[in-house]
1. Have a look at S10, S65, S25, S44 and point out the one that is open to solvent by 30 Å² or more (accessible area, probe 1.4 Å) and closer than 20 Å to F127 by Cα.
2. Would you confirm, using the coordinates I've provided, whether L45 is touching a strand residue (DSSP E or B) at 6+ places or on another chain (Cβ under 7 Å) and either among the hydrophobic types (A, V, I, L, M, F, W, C) or without any contact (Cβ under 8 Å) to a residue 24 or more places away in the chain (or both)?
3. Spot the failing condition for I260; the list is (1) open to solvent by 30 Å² or more (accessible area, probe 1.4 Å); (2) modelled with pLDDT under 90, and only one is missed.
4. For segment 30-38, state whether one or more residues are closer than 20 Å to I133 by Cα, touching a residue at least 60 places away in the same chain (Cβ under 8 Å) and open to solvent by less than 70 Å² (accessible area, probe 1.4 Å).
5. Please go through (1) at pLDDT 90 or above; (2) buried (at least 20 other Cβ atoms within 10 Å of the Cβ); (3) not basic (K, R) for S134 and return the number of the only condition it doesn't satisfy.
6. Can you name the residue in segment 83-97 that is over 18 Å from K145 (Cβ atoms) and among the polar types (S, T, N, Q) and, of all such residues, is surrounded by the fewest Cβ atoms within 10 Å (Cβ to Cβ)?
7. Could you look through segment 154-196, keep only residues that are under 30 Å from W76 (Cβ atoms), of a type in the set (F, W, Y) and at pLDDT 80 or above, and pick out the one that is surrounded by the most Cβ atoms within 10 Å (Cβ to Cβ)?
8. When both residues are 6+ apart or on different chains and their Cβ atoms are under 6 Å apart, which pairs have a first residue that lies in segment 120-144 and is outside any helix (DSSP H, G or I), and a second that is aromatic (F, W, Y)?
Amino acid sequence: MNKRSVNISSLVILLSLICSIIEISLYYFIPQHYITIGFAIVASLIMSHFFLESSLNYDYNFLHSSFMVVTALIFWAVVYAIQPNKWINYDFWLVILVLVNWLTPFVYCSIRDLFDRGPRFDGYHTFFKRMCISFALLYILVLAKQYFITPIFPPYSDFPFGAHNFVPFMATATYIETALREGKSLIPMFVYITEMICMGIPFGFLARTYCHRVPFILRIFIYLAFPAVLEVSQYCIGISHSDIDDYVMTLIGITIGLIIFHIINAIYQSMTNRDFMLNRNKQQRRLY
């Protein structure tokens, strides 16, 4: 590692540390936490642009993103662990803060790679793989928390006598019908459905990205097996209710993740004549 690389790495860590301190301070002192999210997006865009233009390489954007994500994740864990606390409250904005610190550099660098027509910038393919790995680690933590540590439950009660629901959306439809008849809010159900669908989206995208050489039939089996493994695992260790609605909603999320993959890939193929996962020096290869 040469002296210039050491200097840039030190600058990345220093600026990322300052940005993290400001984010934590904004979250603590300003109740409107969307202001913290707005600052995180703007600051991350500015620093991503600065690091890319200064180094002509995507490596330092990965370093910046990793530092910001780890710092935000530690802050999230600390705030969550000390609840209830009258000085600082935990809410979903902290989860969004972690996601924004990962997503903003990723989107910015992907757009720059999409519109770059020359060899000026180097290393996007490596950057993409590293960002996917870091996100996969975050995703595993989220799955562990939401399914096994503090599992999310639907707003309706379990069936009597330990019975299980094997008819898709029967329990959900029954709850919605009852809520409408009794004038109850449907927001808890919509939040639950959204959470379950969102749990499947990252898997759909990541599985399609890294299983592109796997035979089509085997990929279908992987998509179907993933939510089944989650539900069976919950049932085996005695957590949650493990019914068919959760399986179907997670499967819907996986389908959305697949659609996102194909949309991004189609954009890259139409604008750069290559798949977005491939290096520039590799011949364009269509995925099936």
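1. S10
2. So L45 fails the test.
3. So I260 meets the others, but not (2).
4. No.
5. All conditions pass for S134, except number (2).
6. Going through the qualifying residues, I end up with N85.
7. Of everything passing the filter in segment 154-196, Y192 is surrounded by the most Cβ atoms within 10 Å (Cβ to Cβ).
8. G123/Y58
The values are calculated or read from the model by the stated rules, or taken from the named source; none is laboratory data. Keep in mind the model is a prediction, meaning the values are calculated, not measured. Please note: Cβ atoms are built from the backbone with ideal geometry, for glycine as well, and neighbour counts cover all protein chains shown. Accessible surface is based on the protein model in full, side chains and every heavy atom, while ligands, DNA and RNA are left aside. Shrake-Rupley method; radii C 1.70, N 1.55, O 1.52, S 1.80 Å.
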